[in-house]
């Protein structure tokens with residue numbers, strides 16, 4: 001933590017020193033932060049937000065463990081972005097001090113974004129560092145403070161990597177009649193966020209292609225879920241993405257080194273992981289709709305003979321339903337299958353919104369998505385309401401109720417069978433400066 005703090009201080013000081021002369025505060029808008037400017041077109045924006053969250057889950061099992069309530073700081077983020085037009089550079093640095101994961105699991109990340117980009121032309125950007133990746137589903141391109149519902153969808157938590165470290169190239173091309181194509185290419189380490197220890201496996205290569213048939217969204221609306229600006233004409237983006245992770249050492253490419261396999265010579269032998277997706281976002285006069293489909297698959301190398309346990313010891317046992325089966329055992333520890341998420345909402349002129357979501361997860365026969373404690377819940381139905389104070393997400397209050405169908409064999413935290421389905425009520429308040 002001390003090294004992170006030092007990095008923050010150094011970056012903040014160097015940024016302010018980077019102003020040519022006499023930096024000035026141009027404007028401050030709640031939700032959009034403070035924008036400073038200096039000579040030669042230099043600009044910097046500092047913004048942040050905090051979110052406070054409460055959750056109650058109710059289910060039926062043989063114990064009380066299926067019912068619980070918790071309160072926490074959901075997100076506490078500070079973001080610094082800047083442009084240096086003289087050198088065709090821009091950058092971003094973002095941290096989260098809440099200690100919570102973006103998708104609600106146990107993997108928390110302090111350093112969110114840390115990248116520098118070079119813009120050789122107005123249409124092309126080349127970025128290097130740690131960033132969200134366009135090979136995730138579309139919801140991951142949207143800021144957490146702009147979410148339509150209290151939490152991201154189960155498709156996101158099941159299949160996304162959230163952030164990756166590597167090289168990212170993107171373009172923005174007008175193709176006639178007000179239509180746009182936005183291609184993206186990525187080459188990353190395949191381990192999710194920056195790996196401070198050993199870098200396992202090979203590279204992850206992927207891309208995305210977005211098509212906007214009706215022109216660009218207003219005020220970054222492509223990257224925000226609610227139609228806060230109430231688009232005066234229909235806006236649509238539809239896209240597809242694909243990636244292949246050569247030698248993955250985790251369930252979905254998010255946590256480097258958490259799952260390791262070896263060959264006869266004790267060299268690493270890791271499975272390849274592919275992901276395909278198609279998605280869209282539509283907005284018009286306060287109505288918005290987001291649709292996403294994701295499918296994953298794995299290729300298991302035949303030379304795997306040994307697995308490494310969490311404590312560092314090794315085993316040659318790959319027991320699946322009482323039989324030795326390396327391929328199915330390896331696949332059973334990965335997030336393999338498919339899922340889709342469809343959600344829609346309407347925001348009234350008084351900034352009150354109503355929203356709904358349906359999410360379906362279909363696991364492969366051998367997949368960690370069949371895990372009875374964390375997954376094995378194929379269908380999620382959510383209703384939500386929200387109140388915003390302005391168009392810039394300066395302050396909002398959201399509430400939602402989710403009903404999810406529980407698969408056969410699903411358990412609570414003490415391995416007791418859950419005999420009914422589950423309800424989860426959530427409430428979140430968000431303040432952004």
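The values are calculated or read from the model by the stated rules, or taken from the named source; none is laboratory data. The model shown is predicted, which means the values in this text are computed figures rather than measured ones. Glycine gets a Cβ as well: all are built from the backbone with ideal geometry, and neighbour counts include every protein chain shown.
Screening the stretch 171-189 for residues that are assigned to a loop (DSSP other than H, G, I, E, B) and touching a strand residue (DSSP E or B) at 6+ places or on another chain (Cβ under 8 Å) and picking the one that is nearest to residue 278 (Cα to Cα) gives 172.
Which members of the stretch 266-292 meet the condition of being under 30 Å from residue 238 (Cα atoms) and without any contact (Cβ under 8 Å) to a residue 60 or more places away in the chain?
Step one: filter the stretch 266-292 for residues under 30 Å from residue 238 (Cα atoms), giving 272-292.
Selection gives 272, 274, 276, 278, 282, 284, 285, 289, 291.
The conditions of being modelled with pLDDT under 95, closer than 13 Å to residue 253 by Cβ and surrounded by 21 or more Cβ atoms within 10 Å (Cβ to Cβ) are not met by residue 202. Identify the residue in the stretch 317-332 that is exposed (fewer than 11 other Cβ atoms within 10 Å of the Cβ) and outside any strand (DSSP E or B) and, among all such residues, is farthest from the chain's Cα centre (by Cα). By that ranking, first place goes to 322. Look at (1) farther than 25 Å from residue 182 by Cβ; (2) part of a strand (DSSP E or B); (3) modelled with pLDDT of 90 or more and you find that residue 166 fails only one, number (1). The set of residues in the stretch 220-229 that are touching a residue at least 40 places away in the same chain (Cβ under 8 Å) and within 23 Å of the chain's Cα centre (by Cα) comprises 221, 222, 223, 224, 225, 226, 227, 228. Inspect all residues belonging to the stretch 275-286 and state whether any of them is out of contact with any helix residue (DSSP H, G or I) (no Cβ under 9 Å at 6 or more places or on another chain) and within 19 Å of residue 136 (Cβ to Cβ). Looking through the stretch 275-286, at least one residue is out of contact with any helix residue (DSSP H, G or I) (no Cβ under 9 Å at 6 or more places or on another chain) and within 19 Å of residue 136 (Cβ to Cβ). Condition check for residue 298 on (1) modelled with pLDDT of 95 or more; (2) within 21 Å of residue 337 (Cα to Cα); (3) within 20 Å of the chain's Cα centre (by Cα): one failure, at (3).
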